[in-house]
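To start, the structure under review is shown below, and the notes come after it.
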Amino acid sequence: STRHIFTPADRRISRIRIETRQAHDLASQRIVVAIDNWPRNSRYPQGHFVRKLGNIGDKDTENEVLLLEHDVPHSKFSEAVLSFLPKMPWSITDEDRKKRRDLRHIDICSVDPPGCTDIDDALHCRELDNGNLEVGVHIADVSHFIRPGNAMDKEAAKRGTTVYLVDNRIDMVPELLSSNLCSLRSNVERFAFSVLWEMTKEAEIVKIDFTKSIILSKASLTYAEAQMRIDDPAMTDNTTKSLRWLNKLAKILKQRRIDNGDTNSMVEEFMLLANVATAEKTLREFPNCAMLRRHPAPPPSNFEPLIKAAESKGFKLDVSKGKTFADSIKGAVIPNDPYFNTMLRMMATRCMMQAVYFCSGMLPESEYFHYGLAAPIYTHFTSPIRRYSDIIVHRLLAVCIGADTSYPDLLEKHKSQLLSNNLNYRHKMAQYAGRASVNLHTHIFFKNRAVDEEGYVLFIRKNALQILIPKYGLEGTLYINKEKSGVTFTFNEE
């Protein structure tokens, strides 16, 4: 056995002294080491080798490393979890139909990116006899399959969110649910939780209804396919008519949102509308235990680098309010310099605070505001396949309308806040893991190749420059080595 120094991937952790007989073999491996103790007279803590992950530079090995680094639960679902899945073949029973509103006759469709298999949401719009419109947002009823307190529920609560990597997806719930029984695919009956509005043709809401439902989506469309239908005057089927009405209403809703300092696309407009409506309903019924999502306003100091960057090109930004900030950013455009326009908006995004989940009973109402959406109250209801927060919101809403029963943890604000804290952590780590995955694949792409590209300086620091390379969407830190005439260029995920 010989003594060696192990250097952790996370630079914030001290090097670790280990003893091993496998040094020659381990030198080319990514490994896991545990810290045992730190003698007071030693520069380094002492630890021991736990296991190999694989060869350094191997894609699967490095994927495993980034998942471990970001504390992403990614082991296979246990037999205990899988035991709570429905037995196949599964179908909707007559007893199920008695408890739900039958919406199978309505021309509902989904609109998602290409290749999407975990379809959370679908929509419809149709004219009513009184001349108004009925708009429906239909969300996968995941809470029907995941019951409170069982092994599957505990695992979903622990994972908190689905994690999307460049070439992989770490599901929050087993694939049978995420890509099959809960996914609102076309031409199959599915359970949904539906929000139905009666609206005027000027997008004024007349009334709103929440209901558990059975739907039969008529089409699973990509964004491009939906746009093609909207633009093709020869298409006059009910699904296309529905999309055209949804598009018209979305433009009205979007303009109102722009007036408040926010913008979104057609599908997002109705998802936002459903999220806000659900937040209002659950807070009204459960003022002390609603799960909401807030986005604090950034402190003025956050805007200083952005203001300086804009001033360097002759633009003055007004950051006193969300609306004035949005308006001034919108006007800060140099027609023949798209890179400046992109970078300024990237910097604007980085001024923002992190949006977080919280329990309504733990904060005063004045702190509920969502700055990014310019909304006084907000929650997440529309993606229960990939977010555990939405499952909790579904359960609260189901209790509100008498569609399901409550349970103690749902209505206990301290436990709800603890759950919110874990979800905030998991969402942040999932976001960082996604960025690290992009970074990893960028490294793999450029391995053994060198290219010269134009770069732009985002920030100037004491010993480094933050550089953006637009052609590849790369951002990295250019560390300036004062002791030598040259510079070293290394990327990091920050």
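The values are calculated or read from the model by the stated rules, or taken from the named source; none is laboratory data. Worth saying up front: this structure is predicted, and the values here are computed from it rather than measured. Because the Cβ atoms are built from the backbone with ideal geometry, glycine has one as well, and the counts that use them run over all protein chains shown. Note: accessible area is taken over every heavy atom of the protein model, side chains too, but ligands, DNA and RNA are not part of it. Shrake-Rupley method; radii C 1.70, N 1.55, O 1.52, S 1.80 Å.
Over the Cα atoms of the chain, what Rg and Dmax result, in angstrom?
25.7, 85
Compute the distance in nm between two label points, each set 7 Å from the Cα along the Cα-to-Cβ direction, one at LYS207 and one at ILE252.
Going by the 7 Å Cα→Cβ label model, 1.9 nm.
Taking the mean number of other Cβ atoms within 10 Å as a proxy for protection, how do you rank 97-103, 435-441 from highest to lowest?
By packing density, highest mean first, the sequence is 435-441, 97-103.
What Kirkwood radius, in Å to one decimal, follows from the Cα pairs of the range 300-351?
Hydrodynamic radius (Kirkwood, Cα only) of the range 300-351 equals 10.9 Å.
Taking 0.36 nm per residue of sequence separation and subtracting the Cα-Cα distance, how much length would be gained by fully extending the chain between GLN354 and LYS428, in nm to one decimal?
Result: 25.8 nm gained on full extension.
Report, to the nearest whole %, how much of the accessible area of the range 300-351 belongs to carbon and sulfur atoms, 1.4 Å probe, protein only.
C and S atoms contribute 58 percent here.
Beyond a 25 Å Cα-Cα separation, which of these cross-linked pairs lie in this structure: LYS212/LYS248; LYS76/LYS212; LYS308/LYS330?
Pairs exceeding 25 Å: LYS212/LYS248; LYS76/LYS212.
Rounded, prolate or oblate: pick one for the range 263-320, where a ≥ b ≥ c are the square roots of the eigenvalues of its C-alpha gyration tensor, a/c under 1.5 means rounded, and failing that, prolate if a/b is larger than b/c, else oblate.
oblate
Between VAL166 and SER28, what is the label-to-label distance in nm when each label sits 7 Å out along the Cα-to-Cβ direction?
Between VAL166 and SER28, the label points sit 2.3 nm apart.
Lys and Arg at +1, Asp and Glu at -1: add these up for the other residues within a Cβ distance under 14 Å of ILE385 and post the number.
-2
What does the accessible area per residue of the range 2-56 come to in Å², with a 1.4 Å probe and no ligands, DNA or RNA counted?
Solvent-accessible surface per residue comes out at 76 Å².
Rounded to a whole number, what % of the accessible area of the range 2-56 do carbon and sulfur atoms account for, probe 1.4 Å?
Of the solvent-accessible surface of the range 2-56, carbon and sulfur hold 46 percent.
Could you run the Debye sum over the Cα atoms of the range 267-385, one equal point scatterer each and no solvent, and tell me log10 of I(q)/I(0) at q = 0.21 Å⁻¹, two decimals?
For the range 267-385 at q = 0.21 Å⁻¹, log10 I(q)/I(0) is -1.10.
What number do you get for the range 178-251 when its Cα radius of gyration is normalised by 2.2 N^0.38 Å, N = residues?
In units of the 2.2 N^0.38 Å rule of thumb, it is 1.26.
In debye to the nearest 20, how big a dipole does the chain give about its Cα centre with +1 on each Lys and Arg Cβ and -1 on each Asp and Glu Cβ?
1420 debye
Quick check: pseudo-label points 7 Å beyond the Cα along Cα→Cβ at ASP71 and ILE480, how many nm apart are they?
Each label point is offset 7 Å from its Cα along the Cβ direction, giving 3.7 nm.
How big is Rg to Rh over the range 25-154, alpha-carbon atoms, Rh as the Kirkwood inverse-mean-distance radius?
Rg divided by Rh gives 1.21.
Just add up the charged neighbours of SER213: K/R +1, D/E -1, any other residue whose Cβ is under 12 Å from the Cβ of SER213.
Around SER213, the charge tally is +2.
How long are the three semi-axes of the equivalent ellipsoid for the range 341-431, computed from the Cα gyration tensor as the root of 5 times each eigenvalue, in whole Å, largest first?
28, 15, 14
Cα extents of the range 132-226 along the three principal axes, largest first, in whole Å?
Largest first, the range 132-226 extends 45, 35, 23 Å along its Cα principal axes.
Based on the Cα coordinates of the range 2-56, what is the per residue volume of their convex hull in Å³?
Taking the convex hull of the Cα positions in the range 2-56, it is 75 Å³ per residue.
When the label point is put 7 Å from the Cα of SER265 along its Cα-to-beta-carbon vector, which residues of the range 102-122 have a backbone N closer than 11 Å?
Under 11 Å, as judged by backbone N against the label point of SER265, lie 111-114 of the range 102-122.
Apply 1/(1 + (r/R0)^6) to the Cβ-Cβ distance of LEU411 and CYS116, taking R0 = 30 Å, and write down the FRET efficiency to the nearest 0.05.
My answer for the efficiency is 0.30.
Taking 2.2 N^0.38 Å as the expected size of a compact globular protein, what ratio does the Cα radius of gyration of the range 74-145 give against it, to two decimals?
Ratio of Rg to 2.2 N^0.38 Å for the range 74-145: 1.51.
Place a label point 7 angstrom from the Cα of ASN187 along the Cα-to-Cβ direction, then list the residues of the range 202-237 whose backbone nitrogen is under 14 Å away.
Output list for this probe position: 217-221.
For LYS316 and LYS59, what is the calculated FRET efficiency with R₀ set at 35 Å and r taken between the beta-carbons, to the nearest 0.05?
Calculated value: 0.15.
First compute the accessible area of the range 67-208 with a 1.4 Å probe, then give the percent of it belonging to carbon and sulfur atoms.
The nonpolar share, carbon plus sulfur, comes to 50 percent.
Please give the length that would be gained between ASP36 and ALA297 if that part of the chain were fully extended, namely 0.36 nm times their separation in residues minus their C-alpha to C-alpha distance (nm, one decimal).
89.7 nm
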